[in-house]
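Before I ask anything, let me first share the structure, which is written out below as structure tokens.
The values are calculated or read from the model by the stated rules, or taken from the named source; none is laboratory data. Please read all numbers here as calculations on a predicted model, not as lab measurements. Reconstructed Cβ throughout: ideal geometry from the backbone, glycine too, with neighbour counts over all protein chains shown.
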Amino acid sequence: MKESWPEGIDFLFQEEGYSSNLEHDPGGPTFLGISSIMWPVDYRKVTGLWKSSDKEGALQAARDFYQNHFWHMIDGDNLPYPLDVCAFDCAVNQGVGEAERLLKSTHNWRDFLFMREQRYADNVQWVQFGHGWTNRVLALWARYYGKEP
């Protein structure tokens, strides 16, 4: 596993928070960002571990989930840093297909974030979620701007 994987998953957990149930979210209740509608088996597994006080087990199950369904799907181990973290977060938040589409257009992390923000503005849910989406992209920008290897 690439050395930036822990950084990517830590950022994701920070942005997603633990438990969420936003009124207009089509993913329904989420835990560590795992949607109860899209991923019901994984959602039940992670929440079950958490409720049984196996917090580290829940976190590891969530890490495994994200690694298998998102990081590996965008080939995160073979993307340059920090594009790997930016594309991983995009895959989770906007979908693997969207991350792949943007990666076909650029391998520059700054351009990637700019295009990602443009795609958000085209989303019909912008009114409900646009502020949070923009903050998420800005958090990545702030994290990496001027700190490239």
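List pairs: first residue in the stretch 35-58 and touching a residue at least 24 places away in the same chain (Cβ under 8 Å), second residue in a helix (DSSP H, G or I) and among the β-branched types (Val, Ile, Thr) anywhere in the structure, Cβ distance under 8 angstrom, at least six positions apart or on different chains.
Ala58/Val46; Ala58/Thr47
Mind telling me which of the residues Ser105, Ser19 ends up being over 30 Å from Lys147 (Cα atoms), surrounded by fewer than 18 Cβ atoms within 10 Å (Cβ to Cβ), of a type in the set (S, T, N, Q) and more than 12 Å from the chain's Cα centre (by Cα)?
Just one listed residue meets the conditions, Ser19.
Let me ask something else about it. Among the residues of the stretch 66-78, is any within 19 Å of Thr134 (Cα to Cα) and out of contact with any Pro (no Cβ under 9 Å at 6 or more places or on another chain)?
Taking every residue of the stretch 66-78 in turn, none turns out to be within 19 Å of Thr134 (Cα to Cα) and out of contact with any Pro (no Cβ under 9 Å at 6 or more places or on another chain).
When only residues in the stretch 27-46 that are part of a loop (DSSP other than H, G, I, E, B) and not hydroxyl-bearing (Ser, Thr, Tyr) count, which is modelled with the lowest pLDDT?
Checked the stretch 27-46; the qualifying residue modelled with the lowest pLDDT is Gly27.
Scan the stretch 68-86 and tell me whether some residue there is out of contact with any helix residue (DSSP H, G or I) (no Cβ under 7 Å at 6 or more places or on another chain), assigned to a helix (DSSP H, G or I) and either among the polar types (S, T, N, Q) or within 18 Å of Arg143 (Cβ to Cβ) (or both).
Among the residues of the stretch 68-86, at least one is out of contact with any helix residue (DSSP H, G or I) (no Cβ under 7 Å at 6 or more places or on another chain), assigned to a helix (DSSP H, G or I) and either among the polar types (S, T, N, Q) or within 18 Å of Arg143 (Cβ to Cβ) (or both), which makes the answer yes.
Return the residue satisfying two criteria in turn: it lies in the stretch 104-114 and is within 20 Å of Phe11 (Cα to Cα) and outside any loop (DSSP other than H, G, I, E, B), and of such residues it is modelled with the lowest pLDDT.
Phe114
For the stretch 72-79, check the following and say yes or no: at least one residue is surrounded by fewer than 17 Cβ atoms within 10 Å (Cβ to Cβ) and modelled with pLDDT under 95.
No, every residue in the stretch 72-79 fails to be surrounded by fewer than 17 Cβ atoms within 10 Å (Cβ to Cβ) and modelled with pLDDT under 95.
Please work out which one of (1) assigned to a loop (DSSP other than H, G, I, E, B); (2) at pLDDT 95 or above; (3) not acidic (Asp, Glu) is the condition His24 fails and give its number.
(2)
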